[in-house]
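Let me begin by presenting the structure, written as structure tokens, before commenting on it.
The values are calculated or read from the model by the stated rules, or taken from the named source; none is laboratory data. No experiment lies behind these values; they were computed from the predicted model shown. Reconstructed Cβ throughout: ideal geometry from the backbone, glycine too, with neighbour counts over all protein chains shown.
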Amino acid sequence: MIFLESFKRIDRQKLIIASLLIFIGVLGRIIRIHFLPDLYNVEPITLVSLLAASFLGFPYALIVPLSVVAISDIYIGNTSILFFTWSAWAMVGLLGLILKNSKKDNLSFGLKMTGMGIVSAVVFFIWTNFGVWIGWNMYPHTIEGLIQCYIMAIPFFKMNLGGNLVIIPVVTFSIVLILKYVKLFAENKKILKIKN
């Protein structure tokens with residue numbers, strides 16, 4: 001019911017921003033697959049999911065990541081753990097809602113987003129590799145098999161975490177600086193009007 005109520009109050013500006021984030025996420029995934037294949041598990045979806053959640057709120061925290069993965073998977077393809085990958089991206093978006101009320105024009109927001117990128121990498125790693133363990137016959141369906149699955153996936157986790165530790169701070173701190181500049185510009189303009 002809350003989900004349907006959210007759609008009744010669609011904000012055109014939020015829809016445009018969400019569409020831009022979806023476009024960036026899809027394009028980023030396709031570019032990474034074709035031109036940077038050695039950077040496996042470096043995903044722009046984490047960044048756009050956290051930005052959508054923190055700036056736009058619900059339901060965009062779900063719409064943006066699920067749209068990115070749905071559209072890009074048409075082109076890239078997916079595996080039998082589709083439920084786990086898609087639901088992991090949804091979890092990342094929902095985690096980003098924690099930052100919804102954070103002040104966006106200061107450096108602490110960049111640090112919070114970076115921290116959320118770390119948490120997102122851990123959540124994605126735990127959940128999707130649990131899916132690999134359940135859905136594939138690569139590992140025995142025992143606790144030892146689950147542990148082995150997680151150990152074998154550490155290189156993928158390191159790439160995902162490393163990507164988040166580069167992409168998220170670079171983009172977020174850039175946004176923070178832009179917002180700070182825009183706010184300062186607006187304040188100076190207001191002061192000049194008062195003086196005149």
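Restricting the search to the stretch 135-155, which residues are in contact with a helix residue (DSSP H, G or I) (Cβ under 9 Å, 6 or more places away or on another chain), at pLDDT 95 or above and part of a helix (DSSP H, G or I)?
Passing the criteria: Gly145, Leu146, Gln148, Cys149, Tyr150, Met152, Ile154.
Keeping to the stretch 75-109, report how many residues are over 24 Å from Ile31 (Cβ atoms), touching a residue at least 40 places away in the same chain (Cβ under 8 Å) and small (Gly, Ala, Ser).
So the answer is 3.
Considering the stretch 59-82 alone, what residues qualify as being assigned to a loop (DSSP other than H, G, I, E, B) and surrounded by fewer than 16 Cβ atoms within 10 Å (Cβ to Cβ)? Let's see the steps before the verdict.
Keep residues of the stretch 59-82 that are assigned to a loop (DSSP other than H, G, I, E, B), which gives 59, 77-81.
Passing the criteria: Gly77, Asn78, Thr79, Ser80.
Do you know which residues across the stretch 31-58 are among the small types (Gly, Ala, Ser) and assigned to a helix (DSSP H, G or I)? Don't jump to the end; show me each part of the working.
Going through the stretch 31-58, the residues among the small types (Gly, Ala, Ser) turn out to be 49, 52-54, 57.
Residues satisfying the conditions are Ser49, Ala52, Ala53, Ser54.
In the stretch 91-118, which residues are of a type in the set (A, V, I, L, M) and either farther than 27 Å from Asn41 by Cβ or touching a His at 6+ places or on another chain (Cβ under 8 Å) (or both)?
Initially, the stretch 91-118 is screened for residues of a type in the set (A, V, I, L, M), giving 91-92, 94-95, 97-99, 107, 111, 113, 116, 118.
Listed by number, the list holds a single entry, Leu107.
Considering only residues of the stretch 19-52 that are among the β-branched types (Val, Ile, Thr) and over 17 Å from Gly77 (Cβ atoms), which is modelled with the lowest pLDDT?
This residue is Val42.
Each row is one residue, and each column tells you yes or no for (1) aromatic (Phe, Trp, Tyr); (2) under 24 Å from Ala153 (Cβ atoms).
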| position | (1), (2) |
| --- | --- |
| Asn41 | no, yes |
| Pro44 | no, yes |
| Ala52 | no, no |
| Phe55 | yes, no |
| Pro59 | no, no |
| Ile63 | no, no |
| Ile71 | no, no |
| Phe84 | yes, yes |
